[in-house]
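J.: For reference, the structure I am asking about is given below.
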Ligand code: FAD
């Protein structure tokens with residue numbers, strides 16, 4: 001039986017990054033993956049294909065709707081959905097192939113097959129052709145998550161689908177009903193709306209992206225509505241029924257109990273994801289789960305069995321690729337005797353709609369609930385020269401800073417390229433910068449990132465120079 005210092009189960013961004021960091025630190029590492037491609041949800045059916053679709057659909061949408069404002073007229077434009085889908089597939093093949101390269105480069109042995117615990121140190125890997133057993137002095141559970149559904153709603157993967165199927169549809173939906181106004185629901189709504197589908201989003205909360213700062217949801221709602229997405233907010237879905245090529249969705253208005261019936265050809269259920277531990281045999285290793293089906297871990301991401309760790313979507317916290325990656329690195333370094341640390345308050349959240357939405361740190365709602373005294377500084381996209389040059393006008397950057405010390409406590413932005421711009425806010429907060437520190441930092445002109453500087457100046461003491 002092959003023996004390793006570390007066996008990592010799952011090759012998503014948590015697992016593969018953990019394996020690489022372990023190898024860098026001199027450990028002998030194995031990684032186990034049940035699918036034939038590495039990279040997990042993120043690379044195969046998550047972050048990467050969704051961004052590839054968003055990019056292609058944005059190009060099409062721009063050509064159809066906004067190029068004319070730049071004096072570019074195009075006729076005979078044709079959407080080839082098949083070519084678009086094949087490009088996305090190729091992107092996935094390329095990036096997952098890249099992980100194979102990284103495994104080889106770092107001398108990490110890959111075992112393909114379903115991994116399950118035989119005991120607390122042995123993992124059985126059941127592959128297509130053979131079943132092998134491997135031993136790890138330490139084991140890292142990085143098995144990720146799967147889409148969840150609503151009680152009574154059956155995903156048939158044909159007409160009633162999850163994000164996984166929505167990323168590989170054979171045809172463009174005529175009418176898509178999306179259940180869930182969170183990140184995944186809105187990103188995929190944007191893709192299909194831009195390509196020409198009629199899209200209705202049904203959301204139980206009274207706002208979209210309800211966990212983010214309220215101002216962001218309000219602005220995004222306004223823009224997406226203008227782009228033609230219909231919203232039924234404050235509506236709870238009571239029934240989803242597929243008959244042939246038709247899907248019927250019934251939803252009840254929370255306020256007055258009135259019922260709405262929607263008809264479409266596809267229904268995307270995007271109501272969140274659940275940790276994935278099926279078939280893992282956690283009981284054989286004596287690993288405990290919490291009351292929400294997640295692998296229970298302490299602050300070092302150790303389970304109740306000290307040499308077994310867990311990271312990423314399968315444990316508590318935000319279900320994000322970069323959170324999983326940070327945890328992979330933390331576990332590797334902790335196992336090597338180092339003292340790593342993650343500040344979970346500084347894990348940014350991004351929505352890749354257009355305009356993009358990004359945030360880090362505390363929301364106004366959280367600061368109010370904590371009774372913390374804070375000040376705000378905002379800068380509107382309309383006042384940005386760079387945004388004007390690109391015909392962009394939606395959005396703003398809002399900085400929240402401590403009322404006395406001026407330390408930045410949260411940054412919430414919606415607008416062009418915010419997904420990239422948020423990194424500056426994260427870095428500033430990692431170094432516990434004040435709003436004035438950022439306000440006094442030279443930002444190249446004209447750039448979108450000047451909006452961050454201006455919002456910081458506004459937060460410092462209303463010193464914004466361009467608004
Ligand atoms: P996963 O990526 O889920 O990987 C787990 C791996 O473990 C899988 O490959 C699985 O096959 C394997 N596995 C499970 N059980 C076993 C077993 N018993 N034996 C062997 N292998 C096993 N996050 C972002 O940060 N940015 C985004 O833009 C973003 N976009 C997304 C878009 C969509 C449509 C979706 C669905 C998700 C998106 N996410 C995004 C979330 C992100 O994909 C996840 O947070 C991330 O993949 C979690 O990483 P992980 O390593 O914990 O698990």
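J.: Taking the radius of gyration and the Kirkwood hydrodynamic radius from Cα positions alone, what is the Rg/Rh ratio for the chain, to two decimal places?
T.: 0.98
J.: Under a point spin-label approximation (7 Å from Cα along Cα-to-Cβ), what is the residue 250-residue 1 distance to one decimal in nm?
T.: Distance between label points: 5.5 nm.
J.: Also, I was wondering about something else. Over the alpha-carbon set of the range 339-433, divide Rg by the Kirkwood Rh and report the Rg/Rh ratio to two decimals.
T.: 1.00
J.: Also: Provide the FRET efficiency to the nearest 0.05 for the residue 388-residue 128 pair, computing r from the beta carbons and using R0 = 56 Å.
T.: About 0.50, to the nearest 0.05.
J.: Can I ask one more? Please state the shape class of the range 1-63: rounded when a/c is under 1.5, otherwise prolate if a/b exceeds b/c and oblate if not, all from the C-alpha gyration tensor.
T.: prolate
J.: Label 7 Å along Cα→Cβ of residue 62; the range 158-188 residues with amide nitrogen under 13 Å?
T.: Once the point is set 7 Å along Cα→Cβ of residue 62, nothing inside the range 158-188 turns out to lie under 13 Å by backbone N.
J.: Using only Cα atoms, what is the ratio of the radius of gyration of the range 37-192 to 2.2 N^0.38 Å?
T.: 1.35
J.: Right, another one. Between the range 219-270 and the range 101-133, how many Å separate their Cα centres?
T.: Between the Cα centres of the range 219-270 and the range 101-133 lies a distance of 43 Å.
J.: In deg cm²/dmol, rounded to 500, what helix-only [θ] at 222 nm does the chain give when every DSSP H run of at least 4 residues adds -39500 (n - 2.57) and the total is split over its residues?
T.: When only DSSP H runs of four or more count, the value is -9500 deg cm²/dmol.
J.: Let me ask something else about it. What is the antiparallel percent of DSSP beta bridges lying wholly in the range 1-152, to the nearest 5?
T.: The answer is about 40 percent antiparallel.
J.: Next question. Give the share of C-alpha pairs in each 5 angstrom bin for the range 336-379, from 0 to the last occupied bin, in whole percents, shortest bins first.
T.: 5, 14, 16, 20, 19, 11, 6, 6, 2
J.: So for 58, 171, fewest C-beta neighbours within 10 Å to most, what's the order?
T.: 171, 58
J.: Which part of the range 301-345 falls in the paramagnetic zone of residue 284, meaning amide N under 15 Å from the point 7 Å along Cα-to-beta-carbon?
T.: Hits in the range 301-345 for residue 284 at 15 Å: none.
J.: Given 0.36 nm per residue, what is the gain on full extension from residue 345 to residue 120 after removing their alpha carbon distance, in nm?
T.: Here the segment from residue 345 to residue 120 would lengthen by 77.7 nm.
J.: Here's something else I'd like to know. Work out Dmax and Rg for the range 101-162 from the C-alpha atoms and quote the Rg first, both in angstrom.
T.: Just the Cα atoms of the range 101-162 yield Rg and Dmax of 16.8, 47 Å.
J.: Something else about it: Antiparallel DSSP bridges in the chain: what percent, to the nearest 5?
T.: 60 percent
The numbers here are math on the coordinates, done by the rules we state, and not lab data. All of these numbers come straight from a predicted model, not from anything done at the bench. Neighbour counts run over all protein chains shown; Cβ positions are idealised from the backbone, glycine included.
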